[in-house]
Amino acid sequence: MEVESYEHGVPCWVDLGSPDPARAAEFYSALFGWSVAEGPPEAGGYRLAELRGKPVAGIGPQMNPGAPPAWNTYVNVDDADSITGTIRANGGQVLMEPFDVLDVGRMGVFADPTGAVFSAWQARAHIGSAIVNEPGTYSWNELVTTDVARATEFYPKVFGWQAMVHAADSPMPYTEWQLGGRSVAGMMAKPPMIPPEVPSFWGVYFTVTDTDATVERVKELGGNLVMGPMDIEPGRFAVLTDPTGAAFNVITMNPEQGSA
């Protein structure tokens, strides 16, 4: 699925903050078939990953070297400065005030009231991922949170999302975030197997043609399996880490499903 623009409130981009961007670029290129080129000197070591000549993800140095390496979720907004006030007014933290990224866009970095970090992206020359929901591209963003109720209050006020809860009476309900009737992201309570010291976070899923084969390829390339593979309603998924320790998810969609 090729994308030419994103609506306000729709996740639009993912990038990796890595202690070793060159090693990460080598790993993900071999895993997903990306072509990764380092940007100009003013980009500060940031690299664009492309598939079929179109941008699908970013890889760059960690903004906070003291934090673990992680994939980051960006939400498209009409006005990064305006959304900053909305986030602050609803209990979120402003980690980085909005700033211009060359001529490609304007962004800010934030944390929701449960501690999950995300970015807002005001597009200019760069809209975000130009291909999604295809093998080798990202297909889903999922909030894993320590406080589902608080997050359910926050995101509708900030981005206008509606929460559709599945299996509400089960031990592990799942929230599907929708915008205008369209599914845009997910949310679940942080499961017990994740260590208590791990804060709330936004996870990223990449579509693959064969989850089990991808797991084996990750191991060959120096990554690790954290959980799975296992079957869920949308498809078969696994949780993995790259050679620097950054976690990510892969999923092979069931034929009847369009996206995770």
Restricting segment 64-79 to residues that are over 20 Å from L143 (Cβ atoms) and either touching a helix residue (DSSP H, G or I) at 6+ places or on another chain (Cβ under 7 Å) or at pLDDT 95 or above (or both), the residue that is surrounded by the most Cβ atoms within 10 Å (Cβ to Cβ): D79
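To keep it simple, each residue is scored yes or no on (1) out of contact with any Phe, Trp or Tyr (no Cβ under 7 Å at 6 or more places or on another chain); (2) more than 26 Å from V218 (Cα to Cα); (3) not aliphatic (A, V, I, L, M).
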{"position": "A24", "(1), (2), (3)": "yes, no, no"}
{"position": "Y28", "(1), (2), (3)": "no, no, yes"}
{"position": "R52", "(1), (2), (3)": "yes, no, yes"}
{"position": "P68", "(1), (2), (3)": "yes, no, yes"}
{"position": "A80", "(1), (2), (3)": "yes, yes, no"}
{"position": "I83", "(1), (2), (3)": "yes, yes, no"}
{"position": "A89", "(1), (2), (3)": "yes, yes, no"}
{"position": "V104", "(1), (2), (3)": "yes, yes, no"}
Count of residues meeting criterion [assigned to a loop (DSSP other than H, G, I, E, B) and more than 14 Å from F206 (Cα to Cα)] in segment 15-65: 13
The lone exception for P196 - which of (1) touching a residue at least 24 places away in the same chain (Cβ under 8 Å); (2) over 16 Å from the mean Cα position of the chain (by Cα) it fails: (1)
G186 vs. criteria among the small types (G, A, S), touching a residue at least 24 places away in the same chain (Cβ under 8 Å) and part of a loop (DSSP other than H, G, I, E, B): no
Any pair with Cβ under 7 angstrom, 6 or more apart, that starts in segment 208-232 at a residue that is under 15 Å from P243 (Cα atoms) and ends at one that is surrounded by 18 or more Cβ atoms within 10 Å (Cβ to Cβ) and among the polar types (S, T, N, Q): none
Residue that is surrounded by the fewest Cβ atoms within 10 Å (Cβ to Cβ) [pool: residues in segment 34-63 that are under 19 Å from the mean Cα position of the chain (by Cα) and small (G, A, S)]: G60
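Would you list the strands (runs of 3 or more DSSP E) that sit entirely within segment 199-260 and hold 3 or more residues that are under 19 Å from G33 (Cα atoms) and open to solvent by 20 Å² or more (accessible area, probe 1.4 Å)?
So the answer is 247-253.
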Meets criteria (of a type in the set (D, E), over 28 Å from R47 (Cα atoms), surrounded by 15 or more Cβ atoms within 10 Å (Cβ to Cβ) and without any contact (Cβ under 8 Å) to a residue 60 or more places away in the chain) for D169: no
Count - residues of segment 120-139 that are among the aliphatic types (A, V, I, L, M), more than 16 Å from F248 (Cβ to Cβ) and in contact (Cβ under 8 Å) with a residue 60 or more places away in the chain: 4
Qualifying positions in segment 198-213 - modelled with pLDDT under 95 and either farther than 15 Å from V117 by Cα or among the β-branched types (V, I, T) (or both): V198
Residue, nearest to K190 (Cα to Cα), within segment 152-173, restricted to residues that are more than 19 Å from the chain's Cα centre (by Cα) and either of a type in the set (A, V, I, L, M, F, W, C) or assigned to a helix (DSSP H, G or I) (or both): M172
Matching residues in segment 1-32 - criterion: being open to solvent by less than 50 Å² (accessible area, probe 1.4 Å) and over 19 Å from A70 (Cβ atoms): V3, Y6, G9, V10, S29, A30
Residues (farther than 20 Å from F248 by Cβ, without any contact (Cβ under 8 Å) to a residue 60 or more places away in the chain and outside any helix (DSSP H, G or I)) located in segment 66-92: G66, D79
Residues (at pLDDT 95 or above and either hydrophobic (A, V, I, L, M, F, W, C) or within 23 Å of M1 (Cβ to Cβ) (or both)) located in segment 25-46: A25, F27, Y28, S29, A30, L31, F32, G33, W34, S35, V36
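The values are calculated or read from the model by the stated rules, or taken from the named source; none is laboratory data. All figures in this text were calculated on a predicted structure; none of them were measured in a lab. FYI the Cβ positions are ideal-geometry reconstructions off the backbone, even for glycines, and counts take in every protein chain you see. Accessible surface is based on the protein model in full, side chains and every heavy atom, while ligands, DNA and RNA are left aside. Shrake-Rupley method; radii C 1.70, N 1.55, O 1.52, S 1.80 Å.
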